[in-house]
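One structure below.
Every read-out reported here was derived from the displayed coordinates using simple, explicitly stated rules and does not represent laboratory data. Since the structure is predicted, the reported quantities are computational estimates derived from the model, not experimental observations. Because the Cβ atoms are built from the backbone with ideal geometry, glycine has one as well, and the counts that use them run over all protein chains shown.
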Amino acid sequence: MRILDKINSPEDLRSLNLKQLEVLAQEIREELVSIVSRTGGHLAPNLGVVELTLALHMVFHSPRDKIIWDVGHQCYVHKMLTGRRERLSTLRQFGGLSGFPKREESPHDVFNTGHSSTSVSAALGMALARDLRGEDFEVVAVIGDGALTGGMAFEALNHAGHLRTHLIVVLNDNEMSISGPIGGLASYLSRMRTDPRYFRSKEELELILKRLPRLGPHFLKLIERLKDSLKYLVIPGMLFEELGFTYLGPIDGHNLLQLKEILRQARRTPGPVLVHVVTRKGKGYPPAENQPEVFHGVGPFDPHTGKILPSPGPVTFTSVFGAELVRQAEQDERIVAITAAMPDGTGLTSFARRFPNRFFDVGIAEQHAVTLAAGLATMGFRPVVAIYSTFLQRAIDQVIHDVALMRLPVTFILDRSGLVGEDGETHQGIFDIALLRCIPGMVLMAPKDEQELKCMLVTALQVEGPAAIRYPRGPGVGVPLEDPAQPLPIGKGEILREGRQAVIVAIGPLVYAALNAAEILAARGLDIGVINARFIKPLDKDMIVEWAKKTGHLVTLEEHVVAGGFGSAVLEALAESGCTGVKVRNLGIRDIFVEHGKPDILREKLGLTAAGVAQAVESLLHAL
């Protein structure tokens, strides 16, 4: 029997010796590769934190001690060690384990995460609550070097250093490599500076020097200046020291003995402590070590070769956007592209290679990305900001204040809009319409297919003000792609199917679900029309009102929350036009956060399939 099969809680780790722990680490890596090769998920980050997770659960006593995982995509090992090992095969599947920490799953998941740079703020809040209640437990935030580029992390570090309350921040640095001499010296300095005898000797020396007449205070100031100068030269963590943290490290994040020792030192050290741990992303699985960016978030793959299994179907919306942007940039040197640590995911890799001087990856800093674009736009450039829908939520103030108020020509590309799927609640792109359509001057579009996406990009680049295009993750519909793409008339939809009894007004790829629903209903003797709205804002009010009056029954369809979404815009248009007597039903996502699962399963559950739409239309027609 594997050692892993005997681990049902962190307590089971404490009876293992070093050799057994090393065997366990290997078994964990084998299990991760086996499971993620079938389910997909964040493999490389989890392979990199195996020893760190083991050490954390041996030194700290979860759930009494609180461990917060920033972003959370590296929590699979944590879940294996906290009673969920047997369910790990259900990872990211509908009804199964979430790919991120989730309080509803386990008391060991103390904070839900999915977006980056939040852990230190949450940890500080828990530490302050502990102090206010007079309780005694540890609070640990585990944050990666990528997440540390987010401004919110620095805001929290600054506040924590100011308050001086005790908490531990573990910086999981998987980009640097450790050299022996630097690592050894840093470890020595860390031990010396956290040894209680060091603090006691330092205090005694200061007391003696202060008592010396005339020369004592001068010597003390000289020693302090010399000490600070040397620290700047030899200690890589002086930034954190200046923020008020005791800095420990860097140390090898795959050495269990060192990890346990430095984490115990962190427990003993008063005030805020930052532990710098250097790990290797993808550790122990050569394909992931060699291509950590590919295996960061990966679909199903062959575990023996590491070969990614091909995705069936047409080209993705993302790749169509990326190719068309390059084509447009070749014709217009004003076009620049900006992303927030997602060049591959947003399709900008080709642009970055073709126009390196016109491409800007700002790191995990969506707010900065938007205002950077605004600055470029004031100087005559045409910035294209490509960000996942769920992450643009973090920069809505900048969209309003820094772009829209000045009517700057910034194009927002909202990849992963709608139901993203297996990443769950934190990643579903179902709020962007409600957030953006209320902004004055915003042009907001959603393509039904790949060709329409190309046309919308051309259109957005001609708008003299802010414009946004939302489209889903994954393959397109499979329509032929035509060149050159032609701009669309702003605010004009298209009637795809005329009908006498009802009309479905849809946006995005759900237009095809509406067309299929109309076919289903035609087989039942019902005559249903379909409108592709194309524009959420400005809305084609004339077309929608005309067909609402003709049929007397109207259904809106969107992969977005109903509250404040596209359907709400249609209802507003009908009310403004004085269109009364029309029966309306808004189809979309009701007042819930959508759980993880394959998008097709989620759409079926939410009634957003052709069959579900057909049922809703028929129900509306037969309603009293």
How far is helix 196-211 tilted off the main Cα axis of the chain, in degrees rounded to 10, range 0 to 90?
70
Enter the Cα centre distance for the pair segment 389-464 and segment 27-78, rounded to the nearest angstrom.
33
Label point distance in nm, Asn158-Glu30, each placed 7 Å from Cα along Cα→Cβ:
4.9
With point charges of +1 on the Cβ of Lys and Arg and -1 on the Cβ of Asp and Glu, referenced to the Cα centre of the chain, which listed residue (Cys455, Ile396, Thr318) lies farthest in the positive direction of the dipole?
Ile396
Relative contact order of segment 404-550, please, whole-number percent, based on alpha carbon pairs below 8 angstrom and at least 6 residues apart.
26
I'd like to know which of Pro509, Ala533, Leu554 lies farthest towards the positive end of the charge dipole of segment 502-590, counting +1 on Cβ of Lys and Arg and -1 on Cβ of Asp and Glu.
Leu554
Length gained when the stretch Phe94-Val479 is fully extended (0.36 nm per residue, less Cα-Cα span):
135.6 nm
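Looking only at segment 494-622, where both bridge partners belong to it, what percent of the DSSP beta bridges are antiparallel (to the nearest 5)? List each step's numbers first, then the result.
On the way: 3 of 18 bridges.
Of the beta bridges lying entirely in segment 494-622, close to 15 percent run antiparallel.
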Suppose each label sits 7 Å from its Cα in the direction of the beta carbon; what would the Phe593-Leu257 distance come out to in nanometres?
4.3
Using the Cα centre of the chain as the reference point, and only Cβ charges (+1 on K/R, -1 on D/E), how large is the resulting charge dipole? Debye, rounded to the nearest 20.
1340
Please tell me the relative contact order of segment 264-418 in percent, rounded to the nearest whole number, where contacts are Cα pairs under 8 Å and at least six residues apart.
16
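Within the set Lys283/Lys307; Lys454/Lys598; Lys549/Lys605; Lys281/Lys598, which residue pairs have Cα atoms separated by over 25 Å? List each step's numbers first, then the result.
Working: Lys283/Lys307 17 Å; Lys454/Lys598 27 Å; Lys549/Lys605 31 Å; Lys281/Lys598 27 Å.
Going by Cα-Cα distance, Lys454/Lys598; Lys549/Lys605; Lys281/Lys598 fall outside the 25 Å limit.
Order of Val584, Val326 from fewest to most other C-beta atoms within 10 Å?
Details: Val584 16, Val326 19.
Listed from fewest to most nearby Cβ atoms, that is Val584, Val326.
Report, for the chain, the % of DSSP beta bridges that are antiparallel, rounded to 5. Walk me through the numbers before you get to the answer.
Details: 9 of 65 bridges.
So the antiparallel bridges amount to about 15 percent of the total.
Do you know the relative contact order of the chain, to the nearest whole percent, from alpha carbon pairs under 8 angstrom that are 6+ apart? Don't jump to the answer; show the numbers that get you there.
Values: 1238 pairs, mean separation 70.5, N = 624.
Relative contact order, the chain: 11 percent.
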By the C-alpha gyration tensor axes a ≥ b ≥ c (rounded if a/c is under 1.5, else prolate when a/b exceeds b/c, else oblate), the shape of the chain is prolate
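Which ordering of Glu558, Glu330, Glu261, Glu498 is given by a fewest-first count of other beta-carbon atoms within 10 Å? It would help to have the intermediate numbers written out before the result.
Details: Glu558 28, Glu330 11, Glu261 17, Glu498 14.
Lowest count first: Glu330, Glu498, Glu261, Glu558.
Tally Lys/Arg at +1 and Asp/Glu at -1 over every other residue whose Cβ is under 13 Å from the Cβ of Leu128; what's the total? If you can, show how the numbers build up before the last one.
On the way: positive: Lys66, Arg130, Arg133, Arg164; negative: Asp131, Glu135.
Overall, the nearby charge balance is +2.
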Rounded, prolate or oblate: which one fits segment 509-555, using the alpha carbon gyration tensor with axes a ≥ b ≥ c (rounded when a/c is under 1.5, else prolate when a/b beats b/c, else oblate)?
oblate
Could you give the length gained on full extension between Glu86 and Phe137, defined as 0.36 nm per residue of separation minus the Cα-Cα distance, in nm?
15.5 nm
For Met445, what is the net charge nearby, where nearby means another residue's Cβ is under 15 Å from its Cβ and Lys, Arg count +1, Asp, Glu -1?
-3
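In deg cm²/dmol and to the nearest 500, what is the mean residue ellipticity at 222 nm of the chain if only DSSP H runs of at least 4 residues count, each as -39500 (n - 2.57), divided by the residue total?
Roughly -12500 deg cm²/dmol at 222 nm, from the helical runs in the chain.
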Hey, fewest Cβ within 10 Å first, where do Arg590, Arg416, Arg407 land in order?
Arg590, Arg407, Arg416
Evaluate the charge dipole of segment 317-470 about its Cα centre and quote only its size in Debye, nearest 20, assuming +1 on the Cβ of each Lys and Arg and -1 on the Cβ of each Asp and Glu.
360
Using 0.36 nm per residue, how much length does the chain from Arg334 to Gln486 gain when fully extended, once their Cα-Cα distance is taken away?
52.8 nm
Which angle from 0 to 90°, rounded to the nearest 10, does the C-alpha axis of helix 366-378 make with the longest principal axis of the chain?
60
With +1 on the Cβ of every Lys and Arg and -1 on the Cβ of every Asp and Glu, the dipole magnitude of segment 479-594 about its Cα centre, in debye rounded to the nearest 20, is 400
Nearest 10 degrees, 0 to 90: what angle lies between the long axis of helix 566-576 and the longest principal axis of the chain (Cα atoms)?
50
Toward the positive end of the charge dipole of segment 1-117, about the Cα centre and with charges on Cβ (Lys, Arg +1; Asp, Glu -1), which of Met1, Gly41, Leu54 goes farthest?
Gly41
